[in-house]
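The values are calculated or read from the model by the stated rules, or taken from the named source; none is laboratory data. Please read all numbers here as calculations on a predicted model, not as lab measurements. As a convention, Cβ positions derive from the backbone with ideal geometry for all residues, glycine included, and neighbour counts pool all protein chains shown.
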Amino acid sequence: MASAVVTTEKKNYLNAEYGIRSWLFTTDHKRIALLYLVSITAFFFIGGFFALLIRLELLTPAGDLLTADMYNKAFTMHGQVMVFFFLIPSIPAVLGNFLVPMMIGAKDLALPRINLISWYIYIIAGILYLHCIATGGVDTGWTFYTPYSTMFSNTRVIEAGLAIFISGFSSILTGLNFVVTIHRMRAPGMTWSRLPLFIWSHYATSIIMLLGTPVIAITLILVVLERTLNLGIFDPTRGGDPVLFQHLFWFYSHPAVYIMILPSMAVISEIVPCFSRKRVFGYNFVAMSSIAIAAIGFIVWAHHMFVAGISLYSALVFSFLSFLVAVPSAIKVFNWTATMYKGSVSFSTPMLYAFGFIGLFTIGGLTGLFLATLGVDIHVHDTYFVIAHFHYVMVGGAVMGYLGGMHFWWPKISGRMYPEGWGRFSAMIVFLGFNLTFFPQFILGYLGMPRRYWDYSHMPEWQGLNVLSTAGASFLAVGYLLPMVYFLWSLRYGKIAPDNPWGATGLEWRTSSPPPTFNFEETPIVTWEAYEYESMPLPEEVTLER
Amino acid sequence: MFDNFPLWPVGASSHSFAVDALYLFLVVVSVATTLAIFAVVGLFAFKYRRRHGREAEPIEGNLILEIAWSAAPMGLFLIFFAWGAIIFFDARTPPQDSTEIYVVAKQWMWKLEHVEGQRELNELHVPVGKDIKLIMTSQDVIHSFYVPAFRLKQDVIPGRYTTMWFKATKPGTYHLFCAQYCGTMHSGMIGEVVVMEPAEYQTWLSGGVPSGSMAQNGQLLFTQLGCSTCHRFDVQGRGPNLTGVYGKPVLLEDGRTVIADENYVRESILIPTAKVVSGFKPVMPSFQGQVSEEQLTSLVEYVKSLSLSSSQATAASAGK
C-alpha cells in the first residue's frame, strides 16, 4: 500500500510546492506558462465580450444598442485587448514558455527570473489597461491613428498607450529569453538541424519581438508626448506629418501579425507529423520559411497605406514585397499537406484543429493577396473585406493553432486527458461558427461596407449578411467556452495521462506527465533527428483507437 | 429577390469594370486553389487514414516539388501584381483636362466646391462621361473619400492635398462613405454622388447662385490679404510674379527644383520658408491659422488661373 501511495504522489512541477507564494514567486518556466495561461484567458474573454457587443449592435442597421461613442470604444478595446493582451502573448508565453526548454532538453529558460519579471510586467500593463477600460476606455481604434488620437479624441488615450507600451517590454523579454535559450541551452546532440520546427518558428517570432517591439514603444510614447507636451510631430499645422505615424505604427504592427501567426504555424508543424506518424515533409523548407517570413515581414508595412497618400512608386514596391512574403506561407501549407501523403492519419482533436487551421489559413492567406493587389485594394481597403481577412489569419489561423496546441499538450501540462468526443465536437463548432461569422464579411466588404461603422441605416440591404455574421459569432462563443469547461473538468475527472499519449517524438514526451520541476531526471542526449516517427511505436491505447 | 442578401455592388465608373474583372479573376483563382488544397487534404486524410497493419512510409521531402510549389505561386502572384499595378496606375493618374472639384472634409461632413463657385454639402453633382478630378484636404482628422460604385477611395489628409479621379458611366445616385475612422459620427459621415446627364448637369450648375467662381474669390482674397503688394504683376515685387508659375518647375534657393502643384502652392502660403524661390528672400509671413481650408482652395485655384492662356482665363473668371 505504502509504495502505491508513493508512486501516485510522484513529485512533478505541479505538486512540488503548494501555496500562492509558490506560484507568484516561481521561476519554473512551466508554472510561469500557467500564470500566463490564466491571465491571457481572462483577457480573451474580456476581448470576446467587446466582440459580442459589436456583433449585437450590428444585428440591426440602426445604432440602437450602444451609443456611437460606446460602439467606437467597444471595437477599439476589442482590438487592443485581443492583439496586445491575448494574441501576442498567447502561444509564445504559454505554450512557448512551457515547451521551448523541454523541447531542446533544457532544465528551464536561460533567464528564469527575467521570465517571471516578464509576467509581472504583463500583469502591470494589463491592470493599467483594465483601469483604462473601467474609467471610460479609449476610442481611437486599435491603430491609434493620428491626428485623431493626438489632437481630437477625448478618451483615455494616454493610459491605453502606456499600458501597451509597458506590455511591449514583457514581449521583448520573452523574445530575448527564447533567443538566448535556443542558442545556449540545447541538450548535447540537439543540433540546429535536429530542432523541432516549433523551436524554429519561435526563434523567428522572438527575433520579430526583439526588433519590432521597440518601434511601437517609441511610437506610442510619441503619441503620449504629443498629447501631454504638444510636440507637434504628427500635427500638420506645425509642419508635422500625421502619415508618419502610420509608417511607424505599421513598421511594428505588420510584423506583429507574424508574431501572432508564426507560433501557430509552430504548433501545426508538430501536430501534423505526429498524427500522420511521419517526418514533416521538407523540414529545411518549413524551417527556413519561418525565417523568411520574419525577415520579409519587416519590409511590407506600407501595404496598409496604399490609399493613405504614399507615392505611386512606393505603393508598387510594397505591393510586390507583400506578394513575396506570401510565398513562404504557401510553402508551409503545401509541406503540411504533403506530410500526410502515405502517412497513417488519425482524426484526433489536435489534428482536427490542424485541419481547421490549414483551411482557414488558406482562405486568410489567399484573401490577403486581394489586398496586396493594388487595383483591388483601393476598393476593399478599410472595408469589412479587411476585417474578414485578418480574422481568418489571426483568429482562424492563430487561435485554431493555439487551441490545437492546448489540446495536444494538455496531457503534458495537466497530467490528465481531456474528453476526446467533446474535443472533436468543439473543434468542429469552432470551424463552422468561424466561417459563418467571417465569410459573410468578405461579401459585405466588396459591397462597400466600411469598417468601424456603428450605424448602417442608410444601407439596410447589408442587414442579412450582418445577421448571419452575428449568428455565427454565437456559435463561435460556444466553441470557445466548451474547451475551457472540459479542460477544467478534466483536471479532476479526466483520465490520468500517460507520459506520451500520442506516441510523439519530441523530448517533452520523453519525460513524465506532468514533468518534474527540472523537466528531466537526467539531461537527455539527442542522437536522432526531429520527427523520427518510423522508430517511435504507437502506445497501445492509441493504436486501437481508429 | 436578394434584397437582403446582395452579393455584388453596382458599378458606375470607368474604373469599376476593371476592378471587378480583376477581382473576379482573383476569386476564381482563390476558389480553385482552396478547393484543390481541401481536396488533397481530404484525399490524403481519407486514403491514408489510420488502419491496422499499415505503417506510414518515411519520406523526407522532395526538392523538385519544393521548387515547383514555390515558383508556381510566385508566377501567379506576378500576374496579380502586374494587373493590379496597371489598374492602380490608371486610378492614380488623372487625365490632363479633368474637371476639378475641391473637397474639404471635416468631422463629420463633406464640403465640396466646384471651380465655378457652386458649393455643396454631403452631395456631389457630376456629369456622366466626364473626367472628374477631386482635390481633397481635411480640416481636422484623416478621412477617406469612398464611393463603392466607383470602386475607388482615397484618404483625405489634413495639411496637404490628395487627389483622385473618376469618370462616371451611369447616371444615378451613389453612396459616398468616409472609410477612415474619424471619431464619434464616423458612420454618419456619408453623402451621395449624383451622376447626371451633361445637359441636366449644366442646368443644375447654372441653377445655384454662386458668389463668383473660385478663382474670382481667390483673386479677391489675394488682394484682401495683401498678397498682391509683394506678388506684383507689373513690376518685380519682393515676391515672385505668379503668372504662369502653376504647373511649371520652380528653381529654389537651395538649388532644388520642384513642380509648382497644388501642394506646393498650399505649403508656400502656410509655411513660406519651406521652399523659397531662387533669388528671393524668406520674408513672407505665414498665413497658418489666418485662412480657412476653403479660402486656401480658392487661392490655389486663383494661382492656377494665372497659368491658363488668356482666353481660358477669361472663360474661367466668367464662370464658364
note = Log entry, pairs with first residue in the range A:56-83 being farther than 19 Å from A:Arg156 by Cα, second being among the β-branched types (Val, Ile, Thr), beta carbons closer than 8 Å, six or more apart or on different chains, reads A:Leu56/A:Thr470; A:Leu58/A:Thr470; A:Leu59/A:Val467; A:Leu59/A:Thr470
remark   = Those residues of the range B:127-141 which are more than 12 Å from chain A (Cβ to nearest Cβ) and not in a strand (DSSP E or B) amount to B:Val128, B:Gly129, B:Lys130
ask   = Of the residues that make up the range A:281-298, is at least one free of Cβ contacts under 8 Å to residues at least 12 places away in the same chain and more than 11 Å from chain B (Cβ to nearest Cβ)?
value = yes
Failed criterion for A:Gly343 (all others in (1) facing chain B (nearest Cβ under 7 Å); (2) assigned to a helix (DSSP H, G or I); (3) among the small types (Gly, Ala, Ser) hold) = (2)
Criterion (within 14 Å of another protein chain (Cβ to nearest Cβ), part of a helix (DSSP H, G or I) and over 27 Å from B:Glu57 (Cα atoms)) met by exactly one of A:Val485, A:Val467, A:Val478 = A:Val467
task = Evaluate the range B:117-136: report whether one residue or more is modelled with pLDDT under 95 and crowded, with 22+ Cβ neighbours inside 10 Å.
result = no
Any strands (runs of 3 or more DSSP E) falling wholly within the range B:142-242 and containing at least 1 residues that are closer than 16 Å to A:Ile378 by Cβ, facing chain A (nearest Cβ under 9 Å) and within 27 Å of the chain's Cα centre (by Cα) = B:143-147, B:152-156, B:162-167, B:172-178
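Okay, residues lined up against (1) aromatic (Phe, Trp, Tyr); (2) more than 9 Å from chain A (Cβ to nearest Cβ); (3) touching a residue at least 60 places away in the same chain (Cβ under 8 Å):
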| position | (1), (2), (3) |
| --- | --- |
| B:Ser13 | no, yes, yes |
| B:Thr34 | no, no, no |
| B:Phe46 | yes, no, no |
| B:Trp69 | yes, no, no |
| B:Thr99 | no, yes, no |
message = Name the single residue that is nearest to A:Pro273 (Cα to Cα) among those in the range B:15-32 being of a type in the set (Gly, Ala, Ser) and touching a residue at least 24 places away in the same chain (Cβ under 8 Å).
response = B:Ala18
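Name the residue, out of B:Leu78, B:Leu112, that is farther than 16 Å from B:Val19 by Cβ and either touching a residue at least 12 places away in the same chain (Cβ under 8 Å) or of a type in the set (S, T, N, Q) (or both).
Working: B:Leu78 fails: either touching a residue at least 12 places away in the same chain (Cβ under 8 Å) or of a type in the set (S, T, N, Q) (or both).
Only one candidate passes the filter, namely B:Leu112.
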ask   = Looking at B:Ala56, B:Ala85, which one is modelled with pLDDT of 95 or more, small (Gly, Ala, Ser) and on the phi < 0 side of the Ramachandran plot?
value = B:Ala85
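Just need a number here: residues in the range B:254-268 that are among the acidic types (Asp, Glu) and more than 25 Å from B:Ser292 (Cα to Cα).
Taking the range B:254-268 first, the residues among the acidic types (Asp, Glu) are B:254, B:261-262, B:267.
Now narrow it down to the ones that are more than 25 Å from B:Ser292 (Cα to Cα): B:254.
Qualifying residue count, the range B:254-268: 1.
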ask   = On the given criteria, is A:Pro112 more than 30 Å from A:Ala477 (Cα to Cα), surrounded by fewer than 23 Cβ atoms within 10 Å (Cβ to Cβ) and in contact (Cβ under 8 Å) with a residue 40 or more places away in the chain?
value = yes
query = Does at least one position in the range A:474-486 carry a residue that is modelled with pLDDT of 95 or more, among the aromatic types (Phe, Trp, Tyr) and farther than 30 Å from A:Gly368 by Cα?
reply = yes
remark   = Given the conditions (1) more than 7 Å from chain B (Cβ to nearest Cβ); (2) of a type in the set (A, V, I, L, M, F, W, C); (3) farther than 27 Å from B:Glu66 by Cβ; (4) surrounded by 24 or more Cβ atoms within 10 Å (Cβ to Cβ), every one holds for A:Ala372 apart from (3)
message = Checking B:Met74 against (1) assigned to a helix (DSSP H, G or I); (2) more than 7 Å from chain A (Cβ to nearest Cβ); (3) surrounded by fewer than 18 Cβ atoms within 10 Å (Cβ to Cβ), only one condition comes out false. Which one?
response = (2)
request  = Could you run through the range A:149-167 and say how many residues are charged (D, E, K, R) and over 25 Å from the mean Cα position of the chain (by Cα)?
outcome  = 1
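Consider the range A:348-359. How many of its residues are under 18 Å from A:Thr437 (Cβ atoms) and surrounded by 24 or more Cβ atoms within 10 Å (Cβ to Cβ)? Full working, then the answer.
First pass over the range A:348-359, keeping only residues under 18 Å from A:Thr437 (Cβ atoms): A:353, A:356-357, A:359.
Then keep just the ones that are surrounded by 24 or more Cβ atoms within 10 Å (Cβ to Cβ); that gives A:353, A:356-357.
Total meeting the criteria: 3.
Would you point out which residue out of A:Gly415, A:Gly423, A:Gly433, A:Gly375 is out of contact with any His (no Cβ under 6 Å at 6 or more places or on another chain) and within 30 Å of A:Pro498 (Cα to Cα)? So that I can check it myself, show each step before the final result.
Working: A:Gly423 fails: out of contact with any His (no Cβ under 6 Å at 6 or more places or on another chain); A:Gly433 fails: within 30 Å of A:Pro498 (Cα to Cα); A:Gly375 fails: within 30 Å of A:Pro498 (Cα to Cα).
Exactly one of A:Gly415, A:Gly423, A:Gly433, A:Gly375 is out of contact with any His (no Cβ under 6 Å at 6 or more places or on another chain) and within 30 Å of A:Pro498 (Cα to Cα), namely A:Gly415.
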query = Only one of (1) more than 30 Å from B:Gly42 (Cα to Cα); (2) touching an Asp or Glu at 6+ places or on another chain (Cβ under 8 Å); (3) at the interface with chain B (Cβ under 7 Å from one of its Cβ atoms) is not met by A:Phe306, so which one is it?
reply = (3)
request  = Looking only at the range B:107-120, decide whether some residue is of a type in the set (Gly, Ala, Ser), more than 11 Å from chain A (Cβ to nearest Cβ) and within 30 Å of B:Gly159 (Cα to Cα).
outcome  = yes
ask   = Does any residue of the range A:188-196 turn out to be assigned to a helix (DSSP H, G or I), modelled with pLDDT of 95 or more, in contact with a helix residue (DSSP H, G or I) (Cβ under 9 Å, 6 or more places away or on another chain) and within 18 Å of A:Phe86 (Cα to Cα)?
value = no
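Restricting to the range A:18-36, give me the number of residues that are part of a loop (DSSP other than H, G, I, E, B) and aromatic (Phe, Trp, Tyr).
Here is the first cut: in the range A:18-36, the residues part of a loop (DSSP other than H, G, I, E, B) are A:18-19, A:25-28.
Applying the additional criterion that residues be aromatic (Phe, Trp, Tyr) yields A:18, A:25.
The total comes to 2.
Can you report the number of residues in the range B:23-37 which are surrounded by 15 or more Cβ atoms within 10 Å (Cβ to Cβ) and farther than 23 Å from B:Arg151 by Cβ?
Within the range B:23-37, the first condition is being surrounded by 15 or more Cβ atoms within 10 Å (Cβ to Cβ), and the residues that meet it are B:23, B:25-27, B:29-30, B:33-34, B:37.
Among the residues that remain, those that are also farther than 23 Å from B:Arg151 by Cβ are: B:33-34, B:37.
Selection size over the range B:23-37: 3.
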query = Going through the range A:350-360 one residue at a time, which ones are farther than 20 Å from A:Leu371 by Cβ and either at the interface with chain B (Cβ under 8 Å from one of its Cβ atoms) or more than 19 Å from the chain's Cα centre (by Cα) (or both)?
reply = A:Phe355, A:Ile358
ask   = For B:Val265, which of the numbered conditions (1) more than 14 Å from B:Leu306 (Cβ to Cβ); (2) more than 14 Å from every other protein chain (Cβ to nearest Cβ) fails to hold?
value = (1)
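Anything in the range A:426-470 that is polar (S, T, N, Q) and either closer than 29 Å to B:Gly183 by Cβ or in contact with a Ser or Thr (Cβ under 6 Å, 6 or more places away or on another chain) (or both)? List them, or say none.
Applying the first criterion (polar (S, T, N, Q)) to the range A:426-470 yields A:426, A:435, A:437, A:441, A:457, A:463, A:466, A:469-470.
Across the range A:426-470, the qualifying residues are A:Thr437, A:Gln441, A:Ser457, A:Gln463, A:Asn466, A:Ser469, A:Thr470.
Hey, among A:Phe98, A:Phe44, A:Phe85, which residue is in a helix (DSSP H, G or I) and surrounded by fewer than 24 Cβ atoms within 10 Å (Cβ to Cβ)?
Numbers: A:Phe98 fails: surrounded by fewer than 24 Cβ atoms within 10 Å (Cβ to Cβ); A:Phe85 fails: surrounded by fewer than 24 Cβ atoms within 10 Å (Cβ to Cβ).
Every option except A:Phe44 fails the conditions.
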ask   = Scanning for something at pLDDT 95 or above, more than 31 Å from the chain's Cα centre (by Cα) and facing chain A (nearest Cβ under 7 Å), does the range B:15-26 turn up at least one residue?
value = no
